[in-house]
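Below you'll find the structure, written out as structure tokens, and then a few comments.
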Number of protein chains: 2
Amino acid sequence: MNEIKKIAAAVKADSFRMACLSGEARNDALRAMAIALADNCDGIARANEADLDAGEKAGLAAPLLKRLKFDGEKIADVIAGTRDLIKLPDPVGRILLQRELDKGLILTRVSCPIGVIGVIFESRPDALVQIAALCLKSGNCAILKGGSEAKRTNRVLFEILHAAGTDAGVPAGFLTLLESRSDIDELLTCHESIDLIIPRGSNAFVRHIMDRSDIPVMGHSDGVCHVYVDRAADIGKAVAVIRDSKVQYPAACNAAETILVHADIAEALLPPLWDELKSKGVLMRGTPRIAGILPDVEPATEEDNRTEYLDFIVSLAVTDSIDEAIEHINTYGSHHTDCIVTEDEAAAERFLQLVDSAGVYQNCSTRFADGFRYGFGAEVGIGTGKLHARGPVGLEGLATYKYLLRGDGHIVADYAEGRRHFRFKDLR
Amino acid sequence: MNEIKKIAAAVKADSFRMACLSGEARNDALRAMAIALADNCDGIARANEADLDAGEKAGLAAPLLKRLKFDGEKIADVIAGTRDLIKLPDPVGRILLQRELDKGLILTRVSCPIGVIGVIFESRPDALVQIAALCLKSGNCAILKGGSEAKRTNRVLFEILHAAGTDAGVPAGFLTLLESRSDIDELLTCHESIDLIIPRGSNAFVRHIMDRSDIPVMGHSDGVCHVYVDRAADIGKAVAVIRDSKVQYPAACNAAETILVHADIAEALLPPLWDELKSKGVLMRGTPRIAGILPDVEPATEEDNRTEYLDFIVSLAVTDSIDEAIEHINTYGSHHTDCIVTEDEAAAERFLQLVDSAGVYQNCSTRFADGFRYGFGAEVGIGTGKLHARGPVGLEGLATYKYLLRGDGHIVADYAEGRRHFRFKDLR
């Protein structure tokens, strides 16, 4: 058995101890973690400075350095986030269904932790704290692998959180940090011990994980999000929503990449949209019909329909109907988040019903697709698959359920042979 | 593009039309299907007789022939099942969460169909009707591949259901029947069109599907279920629960395969259990400690711990504590359904909490793990994975959800830059 398999098996064994902890015990540990982070701000900041220095010397790009930076304000944010989590209801032990099947035979569906969750993330050290806290709150053990550029910060954060948690009585396996990139591939083979893998990072990285893992993976690779401007759109709202969806944070998965414009509104919308996006430094690519209205647009190819730029670039296309727009989105999109801008409620309802995405919006920015903005407290990621959690995944997505059946010697033969009959009665 | 990919793509296109049907329209189609089945009983019975003749000539085993048989009584059962489904609440369009994020910005989580579901099943023709009806009720398109030994019955059932559904206004792609075994492997590559695969059949068959599919698979391969008899068990209940769990229908996935007995109760339990199981024709295999009490028991090896006999065979082992039993179950079991027999409520709660299975029972037969017996109306299968649906999967497991966000030009920059603030308010 390789080293990672041994570690994962030990964590699995501890996951059953985790499942026995009360919500109060898990909250106590979260509180201890928040206090320990506050007590060790200086050490965290020093480790982060060392990572930043090394990153600068290695020539890391400015946006990466920005994500890597973990200073007083960001530390305060994750401490506040951890404290907020304490206040949220316990996702574990919730009774989701309680039904008497017959006299004395009671079925209960109760939420419980998933078990052991492997999370692989890049650069941002705040992710380590958030994920550790979310997994602890939901009674799961977490095995984390962070980006190597943040290794000093991650190591210090891990040591603080692990000591605080175990001092508060949580089993040692609640949190494990892997530090070598080669550990990832071994981790993906531990299907006997690990119940779920959550990869966060670039498309290529997530796809690599999804392709190699025998373990269920929750997440998304692409974020090709659309804004469709319907014939009945308010031009001002359309321009504002597109601007925000594209430029508020272009590197995010929920930023818009393709704008679809109904032919009837194209001539009214495109010139002011061009001016607005141009002023923000956005490069626009368009189909020939777009070029007919915006002669200076760069030409777009079919490949642009599938491209997640993650940059100040957007592609534009004209559609002759709302159904053509819906079909474009369902064909080329990544089922992440897509928006219609319209004042026509019937058109909006058709779009909301037919677009096959985790988030379907009317008259608001695609950038709202986020666990914090949905009021989930925090998120471990965004799922674009259709099973289990879809969209931003908070605490609820870190729980599963089991069916408990309590009887008094009940046997199936009595029902199969007609001596007894089921009398279903929901108890709550 | 191969033939199956083309078929799947056409079904995918129809799945969006399916998503537009009202619950009433889907119920009308179910009603039409029930009537058409009743009107065509004779044709179904004739096709089934031809399948049975061919099966006998091909030397099919008696249990297989029994499963294949689809006569008046079974036809009446599936008609009644289809009618029952009409009465169940619509699993689609349910509002699962509604939250005001800020004034005029309303988040709604609404249940919706998964899309296109591929179901691969063996022998029993009633499965075809049940699955078709469950998928239609939940607004999904179904692509079915049944066992070749039932091909005549399946073809007639498919033609009846397809004509009744399309006459009632449902898109033609709602139901598709594949008839060649080689179609299965092609089906598993259609990840662009098929959202979920549900395989039903033998362990080896289901594992083959799980290993080859790029598409999410819901189901279970093994059903290694346990009954653990605690030191505080009532002997009479223990013997009855074990007998039922083993012999009521040994070929089922929820039949018990291993019996664990606390050392303190072994001498009292094992002799009457031996007599009872012996009288039912059950072959018992036991560890050396079992042989110390039951000298005539066959020897059990470690392999028995992992074996799903699906037959009148059971393995027996002694444990020195409840925790040893729990560890045995979590190590060797298949996370399907496991039972403790005890009058000690604290022991029961520990077992219910720590056994990591879809169903964890106290004092009742493992054979209760079934969608009908849980009051779900019907089931498409039983899931032993921890994501999405776990345990018997009924209508609810055939739905996913999406987040709808309705605004009035809301943009994220206003919140990021402090001009506006989220004020979460749950509306229901």
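Quick note: the coordinates plus some simple rules give every number you see, no bench work behind them. Small disclaimer: the values here were computed from a predicted structure and weren't measured. Methodologically, a virtual Cβ is constructed for each residue, glycine included, from the backbone with ideal geometry; neighbour enumeration extends over all protein chains shown.
Observations on the model:
- Distribution of pairwise C-alpha distances over chain A, 10 Å bins, in %: 4, 19, 25, 22, 17, 9, 3, 1, 0
- Span from the region B:1-29 Cα centroid across to the region A:198-256 one, whole angstrom: 27
- Debye, to nearest 20: dipole size of region B:257-364, +1 on Lys, Arg Cβ, -1 on Asp, Glu Cβ: 280
- Between copies, the label points of A:ASP426, set 7 Å from Cα on the Cα→Cβ line, lie 1.7 nm apart, reported in increasing order to one decimal in nanometres.
- Of B:ILE79, B:PRO89, B:GLY409, farthest towards positive along the dipole that unit charges on Lys, Arg, Asp, Glu beta carbons give chain B: B:GLY409
- For region B:225-368, the Kirkwood radius over C-alpha pairs fed into Stokes-Einstein at 25 °C and 0.890 mPa s yields D = 170 µm² per second.
- Between copies, the label points of A:LYS103, set 7 Å from Cα on the Cα→Cβ line, lie 6.0 nm apart, reported in increasing order to one decimal in nanometres.
- Under a model in which nothing but the beta-carbon of Lys, Arg (+1) and Asp, Glu (-1) is charged, the protein assembly as shown shows a dipole of about 1000 debye around its Cα centre.
- In the protein assembly as shown, taking the dipole from charged Cβ atoms about the Cα centre, the farthest positive-side position among A:PHE121, B:MET18, B:THR301 is held by B:MET18.
- Copy-to-copy label separations for B:GLU24, where each label sits 7 Å from Cα toward Cβ, in nm and ascending: 5.3
- With q set to 0.05, 0.08 Å⁻¹, the log10 of I(q)/I(0) for the protein assembly as shown, from the Debye formula over equal scatterers at the Cα positions, is -0.30, -0.77.
- Of all chain B residues, the one whose Cβ lies closest to the rotation axis that maps B onto A, given with that distance rounded to whole Å, is B:HIS388, 2.
- Annotation: the antiparallel percentage among DSSP beta bridges lying fully within chain B is about 35.
- log₁₀ of I(q)/I(0) at q = 0.10, 0.14, 0.16 Å⁻¹ - region A:140-289, Debye sum with one point per alpha carbon: -0.58, -0.81, -0.90
- Partner lysines for A:LYS278 [C-alpha distance under 18 Å; skip if fewer than 8 residues away on the same chain]: A:LYS237, A:LYS246
- GluC sites (Glu not before Pro) restricted to region A:245-278 and DSSP loop, no more than 12 other C-beta within 10 Å: none
- Antiparallel bridge percentage (DSSP; both residues within the protein assembly as shown; nearest 5): 30
- Cα centroid separation - region B:262-277 against region B:388-428, whole Å: 55
- For region A:170-317, the Cβ-based charge dipole about the Cα centre amounts to some 440 debye (Lys, Arg positive; Asp, Glu negative; other atoms uncharged).
- Helix-only CD estimate at 222 nm, as mean residue ellipticity for the protein assembly as shown, using -39500 (n - 2.57) per DSSP H run (n ≥ 4): -13500 deg cm²/dmol
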